[in-house]
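**Student:** Sending over a structure as structure tokens; questions will come in a sec.
The values are calculated or read from the model by the stated rules, or taken from the named source; none is laboratory data. Note that the coordinates shown come from a computational prediction; the quantities given were computed from them, not determined experimentally. So basically every Cβ, Gly included, is an ideal-geometry build from the backbone, and we count neighbours across all protein chains shown. Accessible surface areas use protein heavy atoms only, side chains included; no ligands, DNA or RNA. Shrake-Rupley method; radii C 1.70, N 1.55, O 1.52, S 1.80 Å.
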Amino acid sequence: MFTKKIDHIGIAVKDASARLSLYEGFLGLKDVHIEELPSRGIRVYMIKIGESKIELLEPMNEQSEINKFLETKGEGIHHIAFTVEGINQAVELAKKNGLQPLSDSPKPGAGGTTVLFLHPKTTGGVLIELVEGSH
Ligand code: ZN
């Protein structure tokens, strides 16, 4: 497995429309793609910036998986995502390297990608997402 670039930076927000004035209005990033992930209770705003993206994560409902983060830490940087090849080997490889995957296998992510998260307690405090199939 290897990585070529930072795919995106995930940012937890309570209300994306309030934050879009910064990214879209102030910073002039007009390429915004909105996608809902009902199984995770998240509405994702993918904002393209060069070869990378800013990913705003907004809760869709009370059960949203982002709510716990918002309640305990408030709005802010949630994770950093690396584009990788060979994500199917990532679980085994991560464990060999003393890292703890958050799931037993990679899962579907936004935009038809496959993703795997690594627990921040094993990465020095950073929630890391591995992404394959991003474009
Ligand atoms: Zn992400």
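**Student:** Which one of S103, S39, S52 has the biggest mean-square fluctuation once the chain is modelled by GNM with Cα springs under 10 Å?
**Tutor:** Largest GNM mean-square fluctuation: S39.
**Student:** Tell me the per residue accessible area of the chain using a 1.4 Å probe; a whole number in Å² is fine.
**Tutor:** Each residue of the chain exposes 57 Å² on average to a 1.4 Å probe.
**Student:** Which of the lysines could be linked to K4 by a straight reach, that is with a Cα gap under 19 Å, when you skip same-chain ones fewer than 8 residues away?
**Tutor:** K48, K53
**Student:** Whenever you get a sec, compute what percent of the accessible area on region 2-132 sits on carbon and sulfur atoms (1.4 Å probe).
**Tutor:** 54 percent
**Student:** Another question, then. Go through region 16-26 residue by residue and turn each phi into a ³J(HN,Hα) via Karplus (6.51, -1.76, 1.60, θ = phi - 60°); whole Hz please, and just put x for glycine and proline.
**Tutor:** Coupling constants for region 16-26: 4, 4, 5, 8, 5, 5, 6, 6, 7, x, 5 Hz.
**Student:** Using the alpha-carbon centroid of each, what span in Å lies between region 58-85 and region 101-126?
**Tutor:** The two parts, judged by their Cα centres, are 12 Å apart.
**Student:** Please figure out what share of the DSSP beta bridges in the chain is antiparallel and state it in percent, rounded to the nearest 5.
**Tutor:** In the chain, approximately 80 percent of DSSP beta bridges are antiparallel ones.
**Student:** Taking Cα pairs under 8 Å and at least six residues apart, what relative contact order does the chain come out at, in percent?
**Tutor:** Across the chain, relative contact order equals 26 percent.
**Student:** Which Cα, out of H33, S105, A94, lies furthest along the positive dipole direction of the chain (beta carbon charges, K/R +1, D/E -1)?
**Tutor:** After comparing all options, I get A94.
**Student:** Then there is this: How much net charge surrounds E24 when only other residues with a Cβ under 12 Å from its Cβ are counted (Lys, Arg +1; Asp, Glu -1)?
**Tutor:** +2
**Student:** Strictly greater than 27 Å: what percent of every Cα pair in the chain meets that?
**Tutor:** 18 percent
**Student:** Further question on the same structure: To the nearest 20 Debye, how big is the dipole of region 69-128 about its Cα centre, given +1 on the beta carbon of each Lys and Arg and -1 on that of each Asp and Glu?
**Tutor:** Around 160 debye, computed over region 69-128.
**Student:** Over region 78-117, what is the mean sequence separation of C-alpha contacts under 8 Å (at least six apart), divided by residue count, expressed as relative contact order in percent?
**Tutor:** For region 78-117, the relative contact order is 35 percent.
**Student:** Please state the charge dipole magnitude for region 2-132, taken about the Cα centre, from unit charges on C-beta atoms (+1 on K and R, -1 on D and E), reported in debye and rounded to the nearest 20.
**Tutor:** For this selection, approximately 320 debye.
**Student:** When the helices in the chain are scored as -39500 (n - 2.57) per DSSP H run of 4 or longer and the sum is shared across all residues, what 222 nm value do you end up with, to the nearest 500 deg cm²/dmol?
**Tutor:** Computed mean residue ellipticity for the chain: -3500 deg cm²/dmol.
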